[in-house]
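First comes the structure, then the notes that go with it.
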Amino acid sequence: MRNPQQPDVDHLAELCLGYLAEDPEELLRFLESAGMDPPSFRQALGTARLQRGLIDYVASNEPVMLAVCAGAGIKPEEFMRVWYKLNPAG
């Protein structure tokens, strides 16, 4: 069982996706920043590349990251710890 105090990539990506799914305007901003359209987004669902993109997008948008963390009951530092593992060069 996953420790809720230590989120992993899969869990964070799921949280990010859930947040964006409930905020169509933010989802559109994500799609635009990722250069995706709805069909390519649907095709990318479940891929490591999309997971990383979701986490990168949310990590780069502090208000969204704070909202995702608050909704999931995780600390922003925990979110960023996972992001840093994906982006060791920063």
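Just wondering, is there one or more residues in region 41-64 that are more than 13 Å from Val9 (Cα to Cα), touching a residue at least 24 places away in the same chain (Cβ under 8 Å), part of a loop (DSSP other than H, G, I, E, B) and β-branched (Val, Ile, Thr)? No, because not a single residue in region 41-64 is more than 13 Å from Val9 (Cα to Cα), touching a residue at least 24 places away in the same chain (Cβ under 8 Å), part of a loop (DSSP other than H, G, I, E, B) and β-branched (Val, Ile, Thr).
So that you can scan it fast, the table gives a plain yes or no per residue for (1) on the phi > 0 side of the Ramachandran plot; (2) in contact with an Asp or Glu (Cβ under 7 Å, 6 or more places away or on another chain); (3) surrounded by fewer than 11 Cβ atoms within 10 Å (Cβ to Cβ):
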| position | (1), (2), (3) |
| --- | --- |
| Asp8 | no, no, no |
| Glu25 | no, no, yes |
| Gly35 | yes, no, yes |
| Ala44 | no, no, no |
| Thr47 | no, no, no |
| Ile55 | no, no, no |
| Leu66 | no, no, no |
| Ile74 | no, no, no |
| Met80 | no, no, no |
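Of the residues screened, Ala13 is one that is surrounded by 11 or more Cβ atoms within 10 Å (Cβ to Cβ), in contact (Cβ under 8 Å) with a residue 24 or more places away in the chain and small (Gly, Ala, Ser).
In region 1-40, the residue that is farthest from Cys69 (Cα to Cα) out of those that are of a type in the set (Asp, Glu) and in a helix (DSSP H, G or I) is Glu32.
Laboratory data are not the source of any read-out in this text; all were calculated from the coordinates shown. Computed from a prediction, not measured in an experiment: that's the story for all the values here. Note that each Cβ is placed from the backbone with ideal geometry, even for glycine, and that neighbours are counted across all protein chains shown.
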